[in-house]
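Encoded as structure tokens, the structure appears first; notes follow it.
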Amino acid sequence: QVQLVESGGGLVQPGGSLRLSCAASGSIFSINVMGWYRQAPGKERELVADSTWGGSTNYADSVKGRFTISRDNAKNTAYLQMNSLKPEDTAVYYCNLRDFLKKAYWGQGTQVTVSS
């Protein structure tokens, strides 16, 4: 099993920044994809960004140019740097890991609220 723990969420003003962290532990295969998803009230969970073990990245159009995903494979940790935050970024953000066997793991989620 793999456990994922997110941290770094909170309340910020529009235009502010937050950095989310996701620490993975347990039986982790090196070849995996780690990513961030979010779910706002009344909406489906959506992909924000993800990154392969080799560093290839993918972003939702809504966050391109503002968010950056990175990972430290030695620490089994993924990060999401969020800049120029907007009220519409308000959501619960979830860390996700998918291994080469297509097994998916989810963190507990961390709340990000962007409001004046």
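Give the residues of the range 95-112 that are open to solvent by 40 Å² or more (accessible area, probe 1.4 Å) and closer than 21 Å to GLY10 by Cα, sorted by residue number. I'd like the intermediate steps shown before the answer.
Pass one, the range 95-112, residues open to solvent by 40 Å² or more (accessible area, probe 1.4 Å): 98, 100-104, 106, 108, 111.
TRP106, GLN108, GLN111, listed by residue number.
With the condition kept exactly as written, say whether any residue in the range 94-101 is free of Cβ contacts under 8 Å to residues at least 24 places away in the same chain, among the acidic types (Asp, Glu) and either in contact with a Cys (Cβ under 8 Å, 6 or more places away or on another chain) or closer than 18 Å to THR52 by Cα (or both).
no
Only one of GLY109, GLY16 is more than 11 Å from LEU4 (Cβ to Cβ) and out of contact with any Lys or Arg (no Cβ under 7 Å at 6 or more places or on another chain); which?
GLY16
Which of the numbered conditions does SER56 fail, given that it passes all the others? Conditions: (1) in contact with a Lys or Arg (Cβ under 6 Å, 6 or more places away or on another chain); (2) open to solvent by 70 Å² or more (accessible area, probe 1.4 Å); (3) of a type in the set (S, T, N, Q).
Here SER56 clears every test but (1).
Limited to the range 38-52, what total is found for residues that are touching a Lys or Arg at 6+ places or on another chain (Cβ under 8 Å) and either open to solvent by 40 Å² or more (accessible area, probe 1.4 Å) or farther than 14 Å from THR90 by Cα (or both)?
Let us first name the residues in the range 38-52 that are touching a Lys or Arg at 6+ places or on another chain (Cβ under 8 Å), namely 38-39, 45-46, 48, 51.
Those still in the list that are either open to solvent by 40 Å² or more (accessible area, probe 1.4 Å) or farther than 14 Å from THR90 by Cα (or both) too: 39, 45-46, 51.
The qualifying residues number 4.
Can you pull out the residues in the range 50-75 that are part of a strand (DSSP E or B) and closer than 15 Å to LEU18 by Cα? Spell out how you get there, then give the answer.
Going residue by residue through the range 50-75, those that are part of a strand (DSSP E or B) are 50-52, 57-59, 67-72.
Hits for the range 50-75 are PHE67, THR68, ILE69, SER70.
Right, LEU80: part of a loop (DSSP other than H, G, I, E, B) and surrounded by 15 or more Cβ atoms within 10 Å (Cβ to Cβ) or not?
no
Scan the range 23-37 residue by residue and report those that are part of a strand (DSSP E or B) and open to solvent by 30 Å² or more (accessible area, probe 1.4 Å).
ALA23, SER25, GLY26, VAL33, TYR37
Can you confirm whether the range 4-19 contains a residue that is free of Cβ contacts under 8 Å to residues at least 60 places away in the same chain, part of a strand (DSSP E or B) and over 15 Å from ALA104 (Cβ atoms)? Working first, answer last.
So the first thing to find is which residues in the range 4-19 are free of Cβ contacts under 8 Å to residues at least 60 places away in the same chain, and the list is none.
Checked the range 4-19: no residue is free of Cβ contacts under 8 Å to residues at least 60 places away in the same chain, part of a strand (DSSP E or B) and over 15 Å from ALA104 (Cβ atoms).
The values are calculated or read from the model by the stated rules, or taken from the named source; none is laboratory data. What you see is a predicted model; the values in this text were computed from it and never measured. So basically every Cβ, Gly included, is an ideal-geometry build from the backbone, and we count neighbours across all protein chains shown. Ligands, DNA and RNA are excluded from the accessible area calculation, which covers all protein heavy atoms including side chains. Shrake-Rupley method; radii C 1.70, N 1.55, O 1.52, S 1.80 Å.
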